[in-house]
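K.L.:
The structure that follows is given in the form of structure tokens.
The values are calculated or read from the model by the stated rules, or taken from the named source; none is laboratory data. Predicted model, so just to flag it, every value in this text is computed and none were measured. With ideal geometry, Cβ positions are generated from the backbone for all residues, glycine too; neighbour counts draw on all protein chains shown.
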Amino acid sequence: MQPHSRFNPLRHLWGTQDAYVKVQQDGKLVTGTDVEAARREGATDMEIHDSVLIAAAFSMYSRYVDGLGAWQPDDPEMYAQMGQHLAKEGYTQPSIRHPVDAGAVVAD
């Protein structure tokens with residue numbers, strides 16, 4: 001494998017997003033033609049490997065979260081607050097200081 005280059009994911013977006021979409025559907029759909037297209041865009045073998053791995057992981061995580069019936073905030077302000085927290089604290093501090101117990105009964 002080639003070592004990592006100065007990888008710019010926007011420049012190396014596999015020429016198109018076809019390969020990424022294929023990985024989401026079934027990794028076996030990615031062809032040698034897709035890999036060659038990525039190489040022509042300047043991606044190294046390691047970057048291609050990492051791109052496939054990331055696409056597969058995101059697909060798995062999405063299915064996992066969907067299977068758990070997880071929810072996401074509807075209020076855009078929640079995302080702004082989370083972004084500010086991450087910019088300031090990184091991932092070292094939880095964004096929720098007092099997590100809600102999912103099994104707790106909420107009084108009206």
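K.L.:
Just the residues that are hydrophobic (A, V, I, L, M, F, W, C) and surrounded by fewer than 20 Cβ atoms within 10 Å (Cβ to Cβ), please, taken from the stretch 27-58. Steps first, answer last, please.
P.N.:
Step one: filter the stretch 27-58 for residues hydrophobic (A, V, I, L, M, F, W, C), giving 29-30, 35, 37-38, 43, 46, 48, 52-58.
Result: 29, 35, 37, 46, 53, 54, 56, 57, 58.
K.L.:
Identify, by number, the condition in (1) at pLDDT 80 or above; (2) exposed (fewer than 10 other Cβ atoms within 10 Å of the Cβ); (3) under 15 Å from the mean Cα position of the chain (by Cα) that residue 92 doesn't meet.
P.N.:
Going through the list (1) at pLDDT 80 or above; (2) exposed (fewer than 10 other Cβ atoms within 10 Å of the Cβ); (3) under 15 Å from the mean Cα position of the chain (by Cα), residue 92 breaks only (3).
K.L.:
I've got another one for you. Suppose the filter is loosely packed, with under 10 Cβ neighbours inside 10 Å, out of contact with any Leu (no Cβ under 7 Å at 6 or more places or on another chain), modelled with pLDDT of 85 or more and over 30 Å from residue 22 (Cα atoms); does residue 103 pass it?
P.N.:
Taking the combined requirement at face value, the residue does not satisfy it.
K.L.:
Here's a follow-up. Being under 18 Å from the mean Cα position of the chain (by Cα) and at pLDDT 85 or above is the requirement here; does residue 21 meet it? I'd like the intermediate steps shown before the answer.
P.N.:
Numbers: under 18 Å from the mean Cα position of the chain (by Cα): yes; at pLDDT 85 or above: no.
No; evaluated as a whole, the condition is false for this residue.
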